[in-house]
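What follows is a set of notes on a single structure, which appears directly below.
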Amino acid sequence: MRLKECVEQAFGEDGHSRVMQFLLDRELADCQDDGERWRSLFEKSDRWKRSFFLWSEDTYIDGITGWHLDICVGRFRLPPEPADWLAYLYRMSLLLILRDDHYATAEGRRRVIEHASHSSQWKDDYSCGFDIEYFLESGYAELTRTEWLEELNGFWRTSWERWQKDGDQRTNNPEYAAAMKVNYPQFKTILERLEREAGACQVVRMNRHGGDETVWYFAKAEDSFFLIALSDAM
């Protein structure tokens, strides 16, 4: 099965619901409330990380259509054969989402679990907060490796050109300007690392840049799997 078929089968047109169903029915079925679900999810994500995680990096630069252009990139080991690709795509994308500070630190996790204790929002509303990352708005597309890397580099160039023209922002917001001085080279370094390490690969994009939805890139190489979440929301 080609990667595009796997991704479409996993997320379809209602990826947020499918991920929630996977968690509630398969990964967290024995949990009694949302506090237990968060605790179990954190424990399982730590196990997934030990099994598959190679590296990840993230940063943000000035937005093109929104406030900030956020990028988070992860490289993972491929699943053992015969692979359960649906479960693998759900778990690796969750690992990328759970890198967020309030999910990644012990104190952040404690607060999330404590806040969710005795709640049943996951089942009642079919929502856990991060499910919004999986909303589909603009479909799926297969990209060549060259198209994929050129698209990402194009976002960097467009953002950089806009930032260079935004004299008021650089003058009136010195703290933000200082962050951009660090983040633009960091964003470029991430893209250069991708170009070095991602050899021949199948690439699938979920959503298209320009809206509020997260753009996902799934890239399957011979020896590993790359996953990118790109957001440029208002």
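The values are calculated or read from the model by the stated rules, or taken from the named source; none is laboratory data. Computed from a predicted model, the values in this text were never measured in an experiment. For neighbour counting, all protein chains shown are included, and Cβ atoms are generated from backbone atoms with ideal geometry for every residue, glycine included. Just the protein is used for accessible areas: all its heavy atoms, side chains included, with ligands, DNA and RNA removed. Shrake-Rupley method; radii C 1.70, N 1.55, O 1.52, S 1.80 Å.
Whether any residue in segment 207-215 is open to solvent by less than 90 Å² (accessible area, probe 1.4 Å), of a type in the set (A, V, I, L, M) and closer than 12 Å to ILE61 by Cβ is what I want to check.
No; the residues of segment 207-215 include none that is open to solvent by less than 90 Å² (accessible area, probe 1.4 Å), of a type in the set (A, V, I, L, M) and closer than 12 Å to ILE61 by Cβ.
Would you please name the residue that is least open to solvent (accessible area, probe 1.4 Å), looking only at residues in segment 61-97 that are closer than 20 Å to LEU3 by Cβ and among the charged types (D, E, K, R)?
For segment 61-97, the residue satisfying everything is ARG75.
Pull out all pairs, ordered by first then second residue, where Cβ-Cβ is under 6 Å, the residues are six or more apart or on different chains, the first lies in segment 7-19 and is crowded, with 21+ Cβ neighbours inside 10 Å, and the second is assigned to a helix (DSSP H, G or I).
Pairs that qualify, where the first residue is crowded, with 21+ Cβ neighbours inside 10 Å and the partner is assigned to a helix (DSSP H, G or I), are ALA10/LEU86; ALA10/LEU89; GLY15/TYR134; VAL19/TYR90; VAL19/TYR134.
Would you check if TRP160 is open to solvent by 60 Å² or more (accessible area, probe 1.4 Å) and assigned to a helix (DSSP H, G or I)?
It is true that TRP160 is open to solvent by 60 Å² or more (accessible area, probe 1.4 Å) and assigned to a helix (DSSP H, G or I).
Looking at (1) under 30 Å from ALA179 (Cα atoms); (2) not in a strand (DSSP E or B), which is the one condition that is false for VAL19?
Checking VAL19 against (1) under 30 Å from ALA179 (Cα atoms); (2) not in a strand (DSSP E or B), the one that fails is (1).
Of the residues GLU57, GLU13, GLU27, GLU36, only one is closer than 19 Å to PHE135 by Cβ and of a type in the set (Asp, Glu); which?
GLU13
Just give me the residues in segment 45-60 being under 17 Å from VAL215 (Cα atoms) and either open to solvent by 50 Å² or more (accessible area, probe 1.4 Å) or free of Cβ contacts under 8 Å to residues at least 24 places away in the same chain (or both), in sequence order.
ASP58, TYR60 - these are the residues of segment 45-60 that are under 17 Å from VAL215 (Cα atoms) and either open to solvent by 50 Å² or more (accessible area, probe 1.4 Å) or free of Cβ contacts under 8 Å to residues at least 24 places away in the same chain (or both).
Suppose we keep only residues that are in contact with an Asp or Glu (Cβ under 9 Å, 6 or more places away or on another chain) and not hydrophobic (A, V, I, L, M, F, W, C) within segment 146-178. Which one would you say is nearest to THR189 (Cα to Cα)?
By that ranking, first place goes to ASN153.
Exactly one of (1) exposed (fewer than 12 other Cβ atoms within 10 Å of the Cβ); (2) farther than 25 Å from LEU24 by Cβ; (3) at pLDDT 90 or above; (4) among the charged types (D, E, K, R) is unmet by GLU151. Its number?
In the conditions (1) exposed (fewer than 12 other Cβ atoms within 10 Å of the Cβ); (2) farther than 25 Å from LEU24 by Cβ; (3) at pLDDT 90 or above; (4) among the charged types (D, E, K, R), GLU151 misses (1) alone.
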